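The values are calculated or read from the model by the stated rules, or taken from the named source; none is laboratory data. All of these numbers come straight from a predicted model, not from anything done at the bench. Using ideal geometry, Cβ is built from the backbone for each residue, glycine included, and neighbour counts are taken over all protein chains shown. Side chains included, ligands, DNA and RNA excluded: accessible areas come from the protein's heavy atoms. Shrake-Rupley method; radii C 1.70, N 1.55, O 1.52, S 1.80 Å.
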Protein chains: 2
Amino acid sequence: MNAATDSFAARLAAIVGRAAVITERSALDPYETEWRGRYHGRARLVVRPASTEEVAAVVRLCAAENIAIVPQGGNTGLVEGQIPDESGEQVVLSLARMNRIRTIDPLDFTMTVEAGCVLRTIQEKADDADCFFPLSLGAEGSCQIGGNISTNAGGVGVLRYGSTRALVLGLEVVLPDGTIWDGLKSLGKDNTGYDLRQLFIGAEGTLGIVTAAVLKLFPKRQDVQTALVALADLETALPLLKRARAISSDRVSAFELLPRMGIEFATTYLPGVADPMVQPHAWYALMDLSTSRPGDSLRETMESLLADAIEAGEAVDAVISGSIEQQRALWRIREELPEAMRKSGAVLHHDVSVPTSDVATFIRRALAAVEAAHPGARCLPFGHLGDGNIHFSICPPVGADDDAFYQAEHRITPLVFDTAVDLRGSFSAEHGIGRLKLDELDRYKRPIDLDLMRRIKLALDPRNLMNPGKVVRVGNR
Amino acid sequence: MNAATDSFAARLAAIVGRAAVITERSALDPYETEWRGRYHGRARLVVRPASTEEVAAVVRLCAAENIAIVPQGGNTGLVEGQIPDESGEQVVLSLARMNRIRTIDPLDFTMTVEAGCVLRTIQEKADDADCFFPLSLGAEGSCQIGGNISTNAGGVGVLRYGSTRALVLGLEVVLPDGTIWDGLKSLGKDNTGYDLRQLFIGAEGTLGIVTAAVLKLFPKRQDVQTALVALADLETALPLLKRARAISSDRVSAFELLPRMGIEFATTYLPGVADPMVQPHAWYALMDLSTSRPGDSLRETMESLLADAIEAGEAVDAVISGSIEQQRALWRIREELPEAMRKSGAVLHHDVSVPTSDVATFIRRALAAVEAAHPGARCLPFGHLGDGNIHFSICPPVGADDDAFYQAEHRITPLVFDTAVDLRGSFSAEHGIGRLKLDELDRYKRPIDLDLMRRIKLALDPRNLMNPGKVVRVGNR
């Protein structure tokens, strides 16, 4: 540690307290490491402010010293947006200590939370207040809401409730110069100028640091019915979804796709998971209906929906969960499929979206393209069919070498992305850009998009000190 | 007409055709006049392109000549955003000829429309395709979707479906330099960089011209139940709404507030309108439940909701519409209340919002403030209670002089706005800023908000040629 670092660390300690400035190399490691171990950066130090004012003071100090800041929440991001670069010059600003629920108003259906609140805590506090916060995703036990907001997180509830963007009524942001922007409004309508809030949501910390938010809550769910449906074909998924939305009065809260191979991976690699059906089928939909009305006849609705769907030739078989345990068992297949694939060995993930009516076309084309280029590769397209968001995962052929497969990534991945983008789709539906997908951004976005993004970045962060080298390239980084 | 104008008009005519360039003073008048006749500007000319490419060519020509453009849709805006200034130098660009429905996809629940499509046409086309487009507001017979998007229009469906912002999946925008930005995506999820679409929505044409959009559709409504509920008190409105959302499984699609004086204005000034109840009550809620499920027992749900609400002391009386005609009659009271006030004489409108849990506090405080400052003034707070959005209208005391009342506007209006903003509310919930509310913007926004808006404006429109003098002040205009 040189004298300059020492002095800088001491000045940070004067703001946040000595215990909240981490400089020891071993203690820095968790903040520098992508959680799956795919990428290691090197931080100058980590600072852990406990209040908005402390964040602001830290940012002002860094701005004065021309030091770049990487905001970090639960470190569950999938595109390395939360990890510092290799320079050892960037400060990681952890929001973890800002974890207060400031207020909750069950009549107003709003909740004001600090950026470091863990998503599951927010879900639980909402539930305690007889409300429902619908954002739900695999990492919910450790991800933080500030990160969810900064990445516009998706998950399984988007079909009915929208992405994080739709769930944020107000924001508090520390701007690149350390000014606190107080947009902590809980208004259903406010048309007084540009919606600045929308800019910060999904900006991955490149325009400022989200320190708190007003979240939108919903009436508490009283009943959730889950069914695993064997589809007649991939192409009948969407008519089934349309039928489900109509007959349930738009109370479909999840509609996920699973291929046969997903069931096989789950039953092979996840202890205690069994195929819920006697016969194998090529494609399945996992569907939730949910209601806030006690005594609503949702079970009957689900049964009549499935009977109609089978009669209409959209579905060929179905299992409705009869208990919470069965419900969890069905969802485990979907939720832990990524874990099953990890256990199986190498896997390439692709988080793409296309218009929902093009999902089947996309999958068929991408399957054919991958098979042609890499015969025997095992494709597992699964996920949020109702949003047109498919996680197109690919495992190597049985018996093939994992390393050789990873080396083919640069040939395989463009096949999937090109297919999605050809259908006016997205190469990053919910995971964002971070550092990992900057090359794809250059490849798939038009110059005008990149130019607009750069202009906005420079208008708000002219010295490029907020998470530089993420989302948008400016100058030499 | 001078030679320069002539040459400029001729060059425009070469792009859009001679008939689509209007220069005659009498023909210009409708484009220069705010529809209620409150403001007259003066245009250099009006140009009516028929395609995105024509819009782009017109914008390029104007940019080359340094001529400012005022985009105009149905000219139904309430804050003069669509009207040129008095200089006679600005070009009004009417989107009215861009009125094609490009595509509609009932399986995808999307619709691609051009900016000049009239909102009612869009509603009808969605209905023809067995879908539902929920944006609904008083001017729907003449307002155009481009204007709805540019002003982030609200209306009665926001409680359930969100503002226009929530209904736009993709956008096509002609940028200030004439470049076409193609963001016409119909994706449920797309996290590839800053959400540029959100910037243009609600920017009132100051960052570019919206030429087309992909709209989000919903399953067609099969039953709508309407009730007028006499509230036990203003303070019981919100508990009633919470009860309605829970018992209906969140199928409340409108929840509007009416004061007693609203019923009296409607019965006095609107032919054929009668008080739906025998006894007068101080406050009413007009509520819709709606469902996309055929054969849903929504009538029974409404009945049991109202019985519960009366038993809980939230409501004291209620009328459920038994027919489409009765439904229309109930809604006429709400929809035509502004018309009734107009017929009564002078009226000051205020479109404010507060957190829904503060609506009653806001109304009580604003009523007291106005009564103290202007004894006898008749306040009619009404509107979208479910969104916290109250149209706080004020008519002069009975028998008072209209002109004298209008002259007191500068004393009365701040009382209402100050009260809303003190409760962290908004002085323009759904109508926007335009030209009319620039002074309020300066008064109620913090310097940091104005600074951020200015930076964004200059980043996208450095020469301030897109609807200058609206929303954000730049330089001397």
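Odds and ends about this structure:
- In region B:328-351, the count of residues that are within 14 Å of chain A (Cβ to nearest Cβ), more than 23 Å from A:Thr291 (Cβ to Cβ) and open to solvent by less than 50 Å² (accessible area, probe 1.4 Å) is one or more.
- For A:Ser150: the one exception among (1) within 8 Å of chain B (Cβ to nearest Cβ); (2) buried (at least 23 other Cβ atoms within 10 Å of the Cβ): (1)
- The single condition among (1) among the β-branched types (Val, Ile, Thr); (2) open to solvent by 10 Å² or more (accessible area, probe 1.4 Å); (3) more than 27 Å from B:Ala254 (Cα to Cα); (4) in contact with a Lys or Arg (Cβ under 9 Å, 6 or more places away or on another chain) that B:Thr192 does not satisfy is (2).
- Criterion: open to solvent by less than 10 Å² (accessible area, probe 1.4 Å), under 24 Å from the mean Cα position of the chain (by Cα) and within 28 Å of A:Ile149 (Cα to Cα) - qualifying residue of B:Leu207, B:Leu228: B:Leu207
- Total residues in region B:242-251, condition crowded, with 22+ Cβ neighbours inside 10 Å and in contact with a helix residue (DSSP H, G or I) (Cβ under 7 Å, 6 or more places away or on another chain): 3
- The single residue among A:Thr103, A:Thr76 that is hydroxyl-bearing (Ser, Thr, Tyr) and within 21 Å of A:Arg435 (Cβ to Cβ) turns out to be A:Thr76.
- Where helices (runs of 4 or more DSSP H) fall wholly inside region B:361-477, the ranges with 2 or more residues that are open to solvent by less than 20 Å² (accessible area, probe 1.4 Å) and facing chain A (nearest Cβ under 8 Å) are B:447-460.
- Residues that are out of contact with any helix residue (DSSP H, G or I) (no Cβ under 7 Å at 6 or more places or on another chain) and part of a strand (DSSP E or B) were ranked within region A:109-135; the one that is surrounded by the most Cβ atoms within 10 Å (Cβ to Cβ) is A:Cys131.
- Here A:Gly138 meets the list (1) open to solvent by 10 Å² or more (accessible area, probe 1.4 Å); (2) part of a loop (DSSP other than H, G, I, E, B); (3) within 30 Å of B:Lys470 (Cβ to Cβ) almost entirely, failing just condition (3).
- Some residue of region B:374-381 being touching a residue at least 24 places away in the same chain (Cβ under 8 Å) and under 23 Å from B:Gly162 (Cα atoms): yes
- Which numbered condition B:Leu175 fails, given (1) open to solvent by less than 30 Å² (accessible area, probe 1.4 Å); (2) within 12 Å of B:Ala213 (Cα to Cα): (2)
Conditions tested, residue by residue: (1) acidic (Asp, Glu); (2) surrounded by fewer than 20 Cβ atoms within 10 Å (Cβ to Cβ); (3) in contact with a Lys or Arg (Cβ under 7 Å, 6 or more places away or on another chain).
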residue	(1), (2), (3)
B:Glu264	yes, yes, no
B:Ser290	no, no, yes
B:Gly295	no, yes, no
B:Asp308	yes, yes, yes
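- Residue match in region A:164-185 (condition: closer than 25 Å to B:Lys189 by Cβ, of a type in the set (A, V, I, L, M) and at pLDDT below 95): no
- The set of residues in region B:282-325 that are free of Cβ contacts under 8 Å to residues at least 60 places away in the same chain, part of a helix (DSSP H, G or I) and under 17 Å from B:Ala230 (Cβ atoms) comprises B:Glu303, B:Ala307, B:Ile310, B:Glu311.
- Test: residue in region B:297-314 that is within 11 Å of chain A (Cβ to nearest Cβ) and of a type in the set (D, E, K, R): no
- For region A:400-436, a residue qualifies if it is in contact with a Gly (Cβ under 9 Å, 6 or more places away or on another chain) and free of Cβ contacts under 8 Å to residues at least 40 places away in the same chain, and exactly one does: A:Ala400.
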